[in-house]
Amino acid sequence: MKTEIDRRIMNYQTDSFGIVHHARYLELMEEARLSYFYENDLVEWLHQKGIFHVIVNININYMDSARFGDLITIKTEVFRVTEKSVIFRQTVFRDESILVIAEITNVFMNKADHGTITVVDMAEFWEDVEKLQMLRSKNSFSLVASNMGKGNE
């Protein structure tokens with residue numbers, strides 16, 4: 001499961017030189033992650049179950065800059081799943097050029113007591129459910145092993 005959204009860079013997202021401010025990428029990626037949740041029917045299900053998600057870590061690599069007027073694409077996919085977290089990889093492109101690669105770690109919590117939820121309890125929503133079920137006996141695994149380490153050279 002991966003999603004892609006396209007966005008045109010607006011003047012309010014740039015500095016006086018027309019270059020996107022680094023913090024604006026976080027906002028654009030937040031929008032793309034929310035789109036991922038909507039497109040994969042997670043928003044309603046999480047609300048019904050009384051679950052919310054919290055970002056606990058963001059690792060972001062800036063490789064090039066977007067500029068005013070650029071059309072960018074933000075790809076969002078599950079990169080790694082552990083017992084209590086889901087790590088999303090988000091890649092921001094302009095045409096074929098990679099501008100930003102980020103890994104965002106989310107944990108899921110119960111609204112009633114703020115206790116963490118085991119990710120396998122939500123297995124129906126994550127790619128490759130058979131591997132997720134194996135998680136019950138292992139600590140972690142990579143959903144996209146072929147992508148591990150890319151963009152961190």
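Could you tell me the center-to-center distance, by alpha carbons, between the range 68-112 and the range 14-64 in angstrom? Cα centroid of the range 68-112 versus Cα centroid of the range 14-64: 7 Å apart. Projected label points at His47 and His22, each 7 Å from Cα along the beta carbon direction, are separated by 3.6 nanometres. How about the range 49-96: which chymotrypsin sites (Phe, Trp or Tyr not before Pro) there lie in a loop by DSSP and see at most 16 other Cβ atoms within 10 Å? Sparse-neighbourhood loop chymotrypsin sites (Phe, Trp or Tyr not before Pro): Phe68.
Of the GluC sites (Glu not before Pro) in the range 48-126, the ones in a loop by DSSP (not H, G, I, E or B) with at most 14 other beta carbons within 10 Å are Glu83, Glu96.
Bear in mind that the values in this text are calculations on the coordinates, not laboratory data. What you see is a predicted model; the values in this text were computed from it and never measured. Backbone-built Cβ (ideal geometry, glycine too); neighbour counts: all protein chains shown.
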